[in-house]
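Undergrad: So that we are looking at the same thing, I have put the structure below in structure tokens.
Derivation of every value follows stated rules applied to the coordinates shown; laboratory data play no part. Owing to the predicted nature of the structure, the values given are computational and were not obtained by experimental measurement. Every residue, glycine among them, receives a Cβ derived from its backbone with ideal geometry; neighbour counts consider all protein chains shown.
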Amino acid sequence: MKKKFVVLLSFILMLSLSACSSKENSTNKKEEIAFPEVDGNIEEGKIDDISFKESSKITNYIKIEMADSSIILLELYPDKAPITVKNFQKLVQEHFYDNLTFHRVVKNFMVQGGDPTGTGGGGSDETIKGEFKSNGVNNTISHTRGTISMARSNNPDSASSQFFICDANSTHLDGNYAAFGHMLAGYETLDRIASVKTKKELAINPPKIKTIRFVTIEN
């Protein structure tokens, strides 16, 4: 995609991640998506290189296991986004995300999941403050490939359970969405999710999340 086209649509992109309560999303109109370019010099971890163990206790390390047994490992950053991390940990502890899907997929941008309705209009019972610069929070996490962040509607404090993982560097989102962690490994899984067939950004056969659990990282 030409650089000029990406620049012209960057503002539209910042408003494109709609997800909160079904009441708010039901009135949102469909917005266009632009596709940021990928930095080819990203060092990406491999699952086989990391020793981890599932934990019954809350940790800052997360394992997303897909229905096909593939795995994504993430580290959460409570020092940068404490409210967001605490909300996500609460939902993981409740097994809220088990058997949900990545319903929205935009290759070379992001994959979005965590909606119990699978439509993009659902969420959990609570919404949280948006921890990002334009909402008065000094969150310095950048939306690079592998960053996990919260989806929301135009209301800055509308995030609940829906999250997205950047499939490409999307730094134009910085300061307007609550990034709260980053992938340690499993980029091949991310690539597979990002490559599924879609219709108007919705996955035709949405990749299913088997479980999301806490893990400890072993040396």
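Undergrad: Grab the other residues whose beta carbon is less than 13 angstrom from that of Pro78, score K and R as +1, D and E as -1, and report the net.
TA: Computed value for this residue: 0.
Undergrad: If you bin every alpha carbon distance in segment 116-162 into 10 Å steps from zero, what whole percent lands in each bin?
TA: Spelled out per bin, shortest first, that is 24, 50, 25, 1.
Undergrad: What nm distance separates the two modelled labels at Ile50 and Glu126, each placed 7 Å from Cα along Cα→Cβ?
TA: 2.6
Undergrad: Which log10 I(q)/I(0) values does segment 133-219 give at q = 0.20 Å⁻¹ under the Debye formula, counting every alpha carbon as one identical point scatterer?
TA: Log10 of I(q)/I(0), two decimals: -1.12.
Undergrad: Let me ask something else. Suppose the chain between His95 and Thr117 were pulled fully straight at 0.36 nm per residue; how much longer would it get relative to their current alpha carbon spacing?
TA: Extending this stretch completely gives an extra 6.4 nm.
Undergrad: Okay, moving on. Which of the trypsin sites (Lys or Arg not before Pro) found in segment 51-108 are loop residues per DSSP with 11 or fewer other Cβ atoms within 10 Å of their Cβ?
TA: Filter output for segment 51-108: Lys57.
Undergrad: Scan segment 127-211 for trypsin sites (Lys or Arg not before Pro) in coil per DSSP, keeping those whose Cβ has at most 11 other Cβ atoms within 10 Å, and list them by number.
TA: Qualifying residues, ordered by number: Lys197, Lys200.
Undergrad: Here's a follow-up. So which GluC sites (Glu not before Pro) in segment 119-219 pass both tests, a DSSP loop state and at most 13 other Cβ atoms within 10 Å of the Cβ?
TA: For GluC sites (Glu not before Pro) across segment 119-219 that sit outside H, G, I, E and B with at most 13 neighbouring Cβ atoms in 10 Å, the list reads Glu126.
Undergrad: Just the Kirkwood number for segment 86-177, please: inverse of mean 1/r across all distinct Cα pairs, in Å, one decimal.
TA: 13.4
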